[in-house]
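Structure record follows, encoded as structure tokens.
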Amino acid sequence: MIAAPKSSKIFFGWWTVVACSVVGFLGVGVASSGLSVLFKPIAAELGLSRAVASLAGGVQSVGQGISGLAGGRATDRYGPRVAMLIGIGLLVLGLALMYFVRSLWAFLLVWGILVGIGFSFGCTFVTDTAIVRWFARKSGVAVNTKFAVQSLSGVILLPAIAWFTTSQGWRLTCAVAAAVIAMVCIPLTWFLVKPHRPEHYGLPPDGATSRSGDGRPEESSGRMAVQTRGLEPPDFTLRQAMRSRIYWIMILVAYLSGAAAPMMGVHCIPFLTDMGLSPVRAAATMSIVLTSSIPARLVTGFVLDRVKTINLRFMIASGFFLQAAGVTAFLVTRSMTMIYVWFFLFGIGGGITQSVQIPLWARYFGRRAYGAILGSSMAMNVPMALAAPVYIGWVYDRTGTYLGVIFALAVLVGLAGVAAFFILPPKPVLRGAIEA
């Protein structure tokens, strides 16, 4: 048995939260939200329409979905450290190669595939898995601490990326981002993300370690089992989860909200600059969505660990309804003031829904196959993730406005809220069941 990570006062799981938070902060700021900043400069230089340029965002989502299916299983088998290092390496390589992109196909290959897979492996579901492995009762606070730090990329990174892109160009921006991510994220992942669950090191989840008289963890005494029993649901395999009706309802909710995501991601800054805002001011305005989600994530994470699992669906629904209300407020007036209201409410709602949805997979289906289950949910969203950004760009190319898409956004998140009411706990399975 490998010795427990050395940390006498601070549970090592919190160091994992620190590492994953920083990795997520840089990854989301550059590879996810950053695409909206780079979108118009890249499209203009390569001579692409918005629909064609949006293919990169769609292909990126396909890469994320494929990597989610394969990477989830790999993470459960080999641990999150290896998966994150591979992902960060691909992300760094993709961003560096963006400096040399001269054609649509190069753009799709480099940003869509390399950056997409690298971002997915290195900065999204694998970081969530790394944290959930170390927490059970405190998973809500732990995961949403990461999301709160990650959301700071909106107020810190987005304006910086917009300014640097305006002054130095998108090619150098990508190259500098590659260097920063490599220097920061690789060491953090290597030293602070462990390959195994805490039980492997003689520790129970959440850090409530029982110790014998000589200070060593009492793994053989059975106290650990007593402490952790009841904190975790029976562990589902991926196959068992996919046989559950609740799994598919959760996929439906993700599908509806995911169809609306490209409007708030890829096309957000183009929409704002079309309204006359400068790229830097547009990035600052877009950051309202991420920044307003921070207190929502922290409060929701605290509440999440104290609410009965069966009631979490109401929190998800309320988040989606807040988002729908924000979009509707803008559609009624179509004023700049209401854009701030829209983004503020959308950020709060998104903070609530995502804060509950990620830990809820572990609450419902356990931690043993969490990576595979969460990764499979990403793979299920591939068709919508590929089609949605391209369709939004096509609508703009045909009509010269995003208003029709924004109306659809309100409808889709509202339907996601209705569907969330049906996310009930799945029927339990026997512990230790082995997937055929």
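The values are calculated or read from the model by the stated rules, or taken from the named source; none is laboratory data. On a predicted model such as this, the values are computed, not experimentally measured, just so you know. Cβ sites come from the backbone with ideal geometry, for glycine too, and all protein chains shown count toward neighbours.
Taken over region 386-407, the residue count meeting the criterion of being assigned to a loop (DSSP other than H, G, I, E, B), touching a residue at least 60 places away in the same chain (Cβ under 8 Å) and of a type in the set (Val, Ile, Thr) is 0.
If the condition is being buried (at least 17 other Cβ atoms within 10 Å of the Cβ) and assigned to a loop (DSSP other than H, G, I, E, B), then region 164-196 contributes VAL193, LYS194. In region 285-292, the condition of being part of a helix (DSSP H, G or I), over 24 Å from ALA162 (Cβ atoms), of a type in the set (A, V, I, L, M) and in contact with a helix residue (DSSP H, G or I) (Cβ under 8 Å, 6 or more places away or on another chain) is met by no residue. Taking region 251-274 as the range and being small (Gly, Ala, Ser) and either buried (at least 23 other Cβ atoms within 10 Å of the Cβ) or in a helix (DSSP H, G or I) (or both) as the test, the residues that pass are ALA254, SER257, GLY258, ALA259, ALA260, ALA261. Given the structure, is VAL17 at pLDDT 95 or above, out of contact with any Pro (no Cβ under 9 Å at 6 or more places or on another chain) and more than 16 Å from ALA160 (Cβ to Cβ)? Spelling it out, VAL17 is indeed at pLDDT 95 or above, out of contact with any Pro (no Cβ under 9 Å at 6 or more places or on another chain) and more than 16 Å from ALA160 (Cβ to Cβ). Of all residue pairs spaced 6 or more apart or on separate chains, those with beta-carbon atoms under 7 Å, a first member in region 374-385 that is farther than 14 Å from GLN60 by Cβ and a second member that is of a type in the set (Phe, Trp, Tyr) and assigned to a helix (DSSP H, G or I) are LEU374/PHE125; LEU374/TRP361; GLY375/PHE125. Of the residues in region 411-421, none is over 22 Å from the mean Cα position of the chain (by Cα), buried (at least 18 other Cβ atoms within 10 Å of the Cβ) and closer than 18 Å to LEU256 by Cβ. The residues listed here are GLY94, GLY87; of these, the one that is over 17 Å from ALA19 (Cβ atoms) and in contact with a Phe, Trp or Tyr (Cβ under 7 Å, 6 or more places away or on another chain) is GLY94. Among the candidates ILE392, ILE406, the residue that is more than 21 Å from ARG239 (Cα to Cα), touching a His at 6+ places or on another chain (Cβ under 8 Å) and either of a type in the set (Val, Ile, Thr) or at pLDDT 95 or above (or both) is uniquely ILE392. Looking at this structure, is GLY57 touching a residue at least 24 places away in the same chain (Cβ under 8 Å), closer than 15 Å to VAL110 by Cβ and surrounded by fewer than 23 Cβ atoms within 10 Å (Cβ to Cβ)? Considered against the rule, which asks whether it is touching a residue at least 24 places away in the same chain (Cβ under 8 Å), closer than 15 Å to VAL110 by Cβ and surrounded by fewer than 23 Cβ atoms within 10 Å (Cβ to Cβ), GLY57 comes out as no.
Within region 306-317, is even one residue of a type in the set (Ser, Thr, Tyr), part of a helix (DSSP H, G or I) and at pLDDT 90 or above?
There is no residue in region 306-317 that is of a type in the set (Ser, Thr, Tyr), part of a helix (DSSP H, G or I) and at pLDDT 90 or above.
Screening region 43-90 for residues that are basic (Lys, Arg) and closer than 22 Å to LEU188 by Cα and picking the one that is modelled with the lowest pLDDT gives ARG77.
All of ILE156, ILE161 fail the test of being part of a helix (DSSP H, G or I), farther than 21 Å from ILE42 by Cα, touching a residue at least 40 places away in the same chain (Cβ under 8 Å) and out of contact with any Cys (no Cβ under 9 Å at 6 or more places or on another chain), apart from ILE156.
For LEU277, the conditions (1) assigned to a helix (DSSP H, G or I); (2) farther than 23 Å from SER377 by Cα are fulfilled apart from (1).
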